[in-house]
1. Can you go through 491, 403, 447 and tell me which one is under 30 Å from residue 112 (Cα atoms) and more than 16 Å from the chain's Cα centre (by Cα)?
2. Failed condition for residue 184, given (1) assigned to a helix (DSSP H, G or I); (2) in contact with a strand residue (DSSP E or B) (Cβ under 7 Å, 6 or more places away or on another chain), with all others met?
3. So, restricting to strands (runs of 3 or more DSSP E) that lie completely within the range 1-82, which ones have at least 2 residues that are surrounded by 20 or more Cβ atoms within 10 Å (Cβ to Cβ) and at negative phi?
4. Being in contact (Cβ under 8 Å) with a residue 40 or more places away in the chain and away from the ligand (no atom under 16 Å from the Cβ) is the requirement here; does residue 279 meet it?
5. Among the candidates 248, 203, single out the residue that is more than 22 Å from residue 64 (Cα to Cα), in the same structural domain as residue 151 (by the TED database), more than 7 Å from the ligand (Cβ to nearest atom) and surrounded by fewer than 19 Cβ atoms within 10 Å (Cβ to Cβ).
6. Output the residues belonging to the range 416-456 that are exposed (fewer than 15 other Cβ atoms within 10 Å of the Cβ) and within 16 Å of the ligand (Cβ to nearest atom).
7. If I filter the range 160-190 down to residues being free of Cβ contacts under 8 Å to residues at least 60 places away in the same chain and within 13 Å of the chain's Cα centre (by Cα), which single residue comes out as nearest to the ligand (Cβ to nearest atom)?
8. Could you check residue 193 against (1) more than 16 Å from the ligand (Cβ to nearest atom); (2) more than 17 Å from residue 77 (Cα to Cα); (3) part of a helix (DSSP H, G or I) and say which number it fails?
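The values are calculated or read from the model by the stated rules, or taken from the named source; none is laboratory data. Note that the structure is a prediction, hence the values are computed from the model and not measured. Neighbour counts are summed over all protein chains in view; Cβ atoms, including those assigned to glycine, are modelled from backbone coordinates with ideal geometry.
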Ligand code: NAD
């Protein structure tokens, strides 16, 4: 049995490693082998209470929340440096935990470090924004009105397993930059690297209670966190079904909850596209991270005129993807994260066949999968998919691409927008005017032109409709964790005069 690249950890609360009150633990399963290689603590409401109490004490002390952004930036940069130092171990742990190819996991670790560096810069910029906020013209010279941005308070951060540390970084880095203190609850399916983030926080001397990390299941640890009265906000990334529960729990306390949920994103390929380029982006969109991406290209709309040539090339290239042990350099597809996810994806493959879609390739265990165990599904393409089919409408969250054809631009846009989700969309065409028109017409939060999936921590990320609301990343990500305080000053030497006319009104 391969051993864990990271040491066993407890819960990280108030700057200490503590055992969960009820002593529970959960197995960490390598999805490539189905073997347990570590255990993580299973926190319950008692541990959530302790973590929120520690974060509250840290927030109220002012030793973090009332410091300058420049002060907090030093810690964020120190965290980024440690992440880079430990990149190889973190990437290996993430690959063993969730099955993503090691090259992707390494790339993710670079993104995680960049995210912390970026929000260090945002924390410093916040000092400038608060030092000299522009006056707001209220139409009365007697008043000087400005805003001050302040840390919201203690925030609960709940994250999924597909980008275990990156999804946590998208929340932890801006929350800490803003001056908030946080309780992070990663997915029970992939928590190892988030516990390592806690270890790094300890190594750089982050003040106790500023970042608390508790692991455990959704019902045991996530639910008590999302409904905790001590939070100022919940930031959630995960499925729409869980998001609904989290939003309801936060709403009961009249607390905001940002929602980064699922998707069913479409890529539209027009007849003037370079087919080789378009096939590459379609594959990257559908099969990167083993197809387990919220914004993945799960629906492909290809112009009728080029559909036969496109599908032929897509089949050939999908079948040549290097599927192997994800710890091998050069691997381009590993196993799905868990048995549950594996069964769910295979059930969708069966639903596609039963609904009459044409299986172009894949659908079963790929030839390159090592041994006979592990949760492997080959890169899968269905053609002839129609709007009523479940594989066209529902989020599969696996390497399954549904392809349909279209005759006109209007038809393609209408089909792309005919979804309960609205996270991302993409268009590939040699005509820049058409790309612009389609980008403006797509009902979603992110649009890619002549590509699919690139994501940068400097630009906003988030969706509409059932894909959620709020934006992460960029300056929007910082604003998520800031409260805007209006400060209005009376600057006239004259009496206000309401009771002693003439009044100023
Ligand atoms: P999930 O909803 O099952 O779980 C997400 C998190 O919520 C986990 O930490 C889980 O333990 C926790 N949770 C579960 N039940 C809970 C409850 N009752 N109360 C509070 N927390 C609870 O999602 P997942 O399977 O981990 O991740 C896949 C989903 O995440 C997909 O739908 C995907 O599209 C979405 N996702 C969205 C984005 C985005 O940016 N929009 C990014 C990544 C993943």
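1. Just one listed residue meets the conditions, 447.
2. (1)
3. Correct list: 11-13, 25-30, 35-41.
4. Answer is no for this residue.
5. Result: 248 is the single residue among 248, 203 that is more than 22 Å from residue 64 (Cα to Cα), in the same structural domain as residue 151 (by the TED database), more than 7 Å from the ligand (Cβ to nearest atom) and surrounded by fewer than 19 Cβ atoms within 10 Å (Cβ to Cβ).
6. 420, 454, 456
7. Among those that are free of Cβ contacts under 8 Å to residues at least 60 places away in the same chain and within 13 Å of the chain's Cα centre (by Cα), it is 187.
8. Among (1) more than 16 Å from the ligand (Cβ to nearest atom); (2) more than 17 Å from residue 77 (Cα to Cα); (3) part of a helix (DSSP H, G or I), residue 193 violates only (1).
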